[in-house]
Amino acid sequence: MRRRLAFVLWSALATLVAVAPARPARAEKIKDDDANNFVLKVPDTWSFGDVSPFAAHKVVAVGERRLEVLRDGTTKGTGQGGRLMLSVQDAPATLPADYAAWMYDWQVLEAQAAKMDPVTEEVSKKIDDLRTKLDDALTALAGAPGTADLLMSRWSKDPATWPPVQKAAGEKIGGVPAAKLTVEAPAANLSGNDAPCKARMFVWVLRKKLYRLALWGWTTPGDREQVGADLDEIELTFEHGKTEEVQPKRAATDAPAGPDPAEAPVAKDGDAGERKPVKDLAFAFEVVKPVKFKSKELDRSTKEDRNTAFSFTAQAGGADAIVDCLAYQVTGTGATAFEIPDYLKGLWTGFVKAHPNGKLETWPFPPYTEKGGFLQLPDSGKKKEVKRPASEKDLDASVSDMERVGVASEGKGVKIGGVKVKETWRWMMKGLLDRVGEDVQAHYTFSTGERTYVLRVTARGGGFDRFKPEIAEILKSFRLIESK
């Protein structure tokens, strides 16, 4: 399978990197173009040039490194070095109409597969089938009249006189599937002298744009000046500001790209197959871990787990849920400076920034009663849209601001497990994450005279609906243990 082959190749590359001598870090020059959605980095020894002479090829970036003096420090260069051109234009009408849908579905499934261990045969097959469709379309595009003209401009305008051009599929550039054209033949170098040349060009499509990145290299014997390494570096560091494909519009009858979270099998590793109570006298709480959720083994000698009371996770295909609790000591040795208002304000800012696209929502919590309890799930049937901040300045919201829009609410006279608590706040928002889907977060804060607790619920990709009964069971079972 392609995925297994990719893993083998990556393992081999990692081995080579491990044994190869480290190359000193080099400064970079960067061309960051939001309109054309790319970030192009070149080593500091390179220079960006004028693109106007190449307007016919829709070139938006030109870069060059000319070897004025060779590695020995005395021999003058005769045109050796490297060159690049990046072209961006509208995707051609000959591209299959479903290309964007294939790309979107492939990215969604890749994200889901990254969470699976192991990846199911069904998902793996869908990924391979979609990648084959993408590769076939890109290979046809790379071979279409006019596509190779940019790369072959160093040789001739007449395709009949071009040296052999090799085509390959299955490549990636900036994390996006691409086709690759390669040529190895004498060509006019940077001084116009015919010299051995190794050239490559990547061809790919993203967000209705056709990208072509062409790289040429004229090296000295042994390439002591590392021109070839420069070209590799430029290829590997190329980025898109937005790598995800835009979600295509589908008919209501279209099947979902990935497996239905309600049908995907629940991961049963660790202790996920058993229901068990968890009691911790040091952190003064008890809770029940339900079936489907796996408990994390904690090492409180580490910084990561020092303040973690418990952490439970569940997963089914691309749907997942995490319920965890942090506990901060507020008195005596080891006390931590933790302010709940600052925490709530940080939640707002972080959530809005992490969810730049789509609607923001909040769901109200049921009113607190001693019988119903404080730790209840919000009511998704009464969702309310939250207006997105108009500017960076509006991200600085106070707790009162969040109360006004319904994102945060304070409880009064709250008891948890018979223990009276203070600083009782509930916070909830829902947003959309690219290639993942819905992201639901609910946070509950409360303090005793000894500790401040933050209980967090995070559910993504349909995880809230899939694991709602189990999440509710965790919340309902949570009890504080009074100090003797």
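The values are calculated or read from the model by the stated rules, or taken from the named source; none is laboratory data. In this text the structure is predicted, and so the values were computed from the model without any measurement. Neighbour counts are summed over all protein chains in view; Cβ atoms, including those assigned to glycine, are modelled from backbone coordinates with ideal geometry. Surface accessibility is based on the protein's heavy atoms, side chains included, excluding ligands, DNA and RNA. Shrake-Rupley method; radii C 1.70, N 1.55, O 1.52, S 1.80 Å.
Do we have Pro163 as assigned to a loop (DSSP other than H, G, I, E, B), over 32 Å from the mean Cα position of the chain (by Cα) and at pLDDT 95 or above here?
In short, yes.
Kindly evaluate Ala137 against the criterion of being within 16 Å of Ala214 (Cα to Cα), open to solvent by less than 40 Å² (accessible area, probe 1.4 Å), among the hydrophobic types (A, V, I, L, M, F, W, C) and at pLDDT 95 or above.
Here the answer is no, as Ala137 does not meet what is asked.
Only one residue in Gly332, Gly350, Gly346 is over 26 Å from Leu475 (Cα atoms), open to solvent by less than 70 Å² (accessible area, probe 1.4 Å) and at pLDDT below 95, so which one is that?
Gly332
Looking at Asp223, Asp135, which one is within 31 Å of the chain's Cα centre (by Cα) and either among the acidic types (Asp, Glu) or part of a strand (DSSP E or B) (or both)?
When all the criteria are applied, what remains is Asp135.
So which residues in region 361-390 are among the polar types (S, T, N, Q), within 21 Å of Leu432 (Cβ to Cβ) and open to solvent by 30 Å² or more (accessible area, probe 1.4 Å), if there are any at all?
Ser380
In region 294-307, is there at least one residue being touching a strand residue (DSSP E or B) at 6+ places or on another chain (Cβ under 7 Å) and open to solvent by less than 20 Å² (accessible area, probe 1.4 Å)?
No, region 294-307 has no match at all.
Looking at Trp102, Trp106 in this structure, which one is surrounded by 14 or more Cβ atoms within 10 Å (Cβ to Cβ) and either free of Cβ contacts under 8 Å to residues at least 40 places away in the same chain or among the aliphatic types (A, V, I, L, M) (or both)?
It is Trp102.
Condition check: of a type in the set (Lys, Arg), part of a strand (DSSP E or B) and farther than 19 Å from Pro96 by Cβ. Does Arg200 satisfy that?
Here the answer is yes, as Arg200 does meet what is asked.
Anything in region 70-99 that is out of contact with any Leu (no Cβ under 9 Å at 6 or more places or on another chain) and either surrounded by 20 or more Cβ atoms within 10 Å (Cβ to Cβ) or of a type in the set (Lys, Arg) (or both)? List them, or say none.
Arg71
Tell me which strands (runs of 3 or more DSSP E) are completely within region 337-433 and hold 1 or more residues being closer than 13 Å to Tyr444 by Cβ, in contact with a strand residue (DSSP E or B) (Cβ under 9 Å, 6 or more places away or on another chain) and charged (D, E, K, R), or say none if there are none.
Answer list for region 337-433: 408-410, 422-433.
Determine whether region 52-65 contains at least one residue that is basic (Lys, Arg), surrounded by fewer than 17 Cβ atoms within 10 Å (Cβ to Cβ) and touching a residue at least 60 places away in the same chain (Cβ under 8 Å).
Scanning region 52-65, I find no residue that is basic (Lys, Arg), surrounded by fewer than 17 Cβ atoms within 10 Å (Cβ to Cβ) and touching a residue at least 60 places away in the same chain (Cβ under 8 Å), so the answer is no.
(1) without any contact (Cβ under 8 Å) to a residue 12 or more places away in the chain; (2) part of a helix (DSSP H, G or I); (3) closer than 26 Å to Ser52 by Cβ: which one isn't true of Asp129, the others all being true?
Of the numbered conditions (1) without any contact (Cβ under 8 Å) to a residue 12 or more places away in the chain; (2) part of a helix (DSSP H, G or I); (3) closer than 26 Å to Ser52 by Cβ, the odd one out for Asp129 is (3).
Hey, can you tell me all the residues within region 83-112 that are of a type in the set (Ser, Thr, Tyr) and under 18 Å from Phe38 (Cα atoms)?
Of everything in region 83-112, just one residue is of a type in the set (Ser, Thr, Tyr) and under 18 Å from Phe38 (Cα atoms), namely Ser87.
Within region 140-160, how many residues turn out to be within 28 Å of Trp102 (Cβ to Cβ) and either outside any helix (DSSP H, G or I) or open to solvent by 40 Å² or more (accessible area, probe 1.4 Å) (or both)?
Total satisfying the criteria: 8.
Kindly indicate whether Val119 is over 21 Å from Ala187 (Cα atoms), of a type outside the set (D, E, K, R) and either in contact with a helix residue (DSSP H, G or I) (Cβ under 6 Å, 6 or more places away or on another chain) or part of a helix (DSSP H, G or I) (or both).
The answer is yes for Val119.
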